[in-house]
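One structure is given here, and the rest of the page talks about it.
The values are calculated or read from the model by the stated rules, or taken from the named source; none is laboratory data. Here the structure is a predicted model, which means the values were calculated and not measured. Note that we place each Cβ from the backbone using ideal geometry, even for glycine, and neighbour counts take in every protein chain shown. Note: accessible area is taken over every heavy atom of the protein model, side chains too, but ligands, DNA and RNA are not part of it. Shrake-Rupley method; radii C 1.70, N 1.55, O 1.52, S 1.80 Å.
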Amino acid sequence: MNYLLGAFKPACNVLITFNDGKNRKQVPFKKENGQMVTIPLFQSQENIAGKITIEPMQGKKIDHNGVELLGQID
């Protein structure tokens, strides 16, 4: 039964770093679970540049087909 304990863990850690992250305006955002976090604010015509690091968990295999940025307009 112990083999089920790790069955539902994520296959990897994902770290996203924006090139101008230290200077970019941050705004509060309420997650689905009610937790408040700060996220970077981008305007509609801005270019976005940065780095995405994908670290597989030990013993896990991952495949990916690129990256897609999704946004929200309030």
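Which residue is modelled with the highest pLDDT, if the candidates are limited to the range 15-31 and must be open to solvent by 90 Å² or more (accessible area, probe 1.4 Å) and not in a loop (DSSP other than H, G, I, E, B)? Among those that are open to solvent by 90 Å² or more (accessible area, probe 1.4 Å) and not in a loop (DSSP other than H, G, I, E, B), it is PRO28.
Scanning the range 32-48 for residues that are part of a loop (DSSP other than H, G, I, E, B), at pLDDT 90 or above and open to solvent by less than 100 Å² (accessible area, probe 1.4 Å) yields GLY34, GLN35.
Counting just the residues of the range 49-74 that are assigned to a loop (DSSP other than H, G, I, E, B), in contact with a Cys (Cβ under 7 Å, 6 or more places away or on another chain) and aliphatic (A, V, I, L, M), which one comes out surrounded by the fewest Cβ atoms within 10 Å (Cβ to Cβ)? Steps first, answer last, please.
So the first thing to find is which residues in the range 49-74 are assigned to a loop (DSSP other than H, G, I, E, B), and the list is 49, 57-74.
Still in the running and in contact with a Cys (Cβ under 7 Å, 6 or more places away or on another chain): 57, 60, 62.
Subsequent filtering for residues that are aliphatic (A, V, I, L, M) retains 57, 62.
Values: MET57: 13, ILE62: 11.
Step by step, filter the range 49-74, then rank; the result is ILE62.
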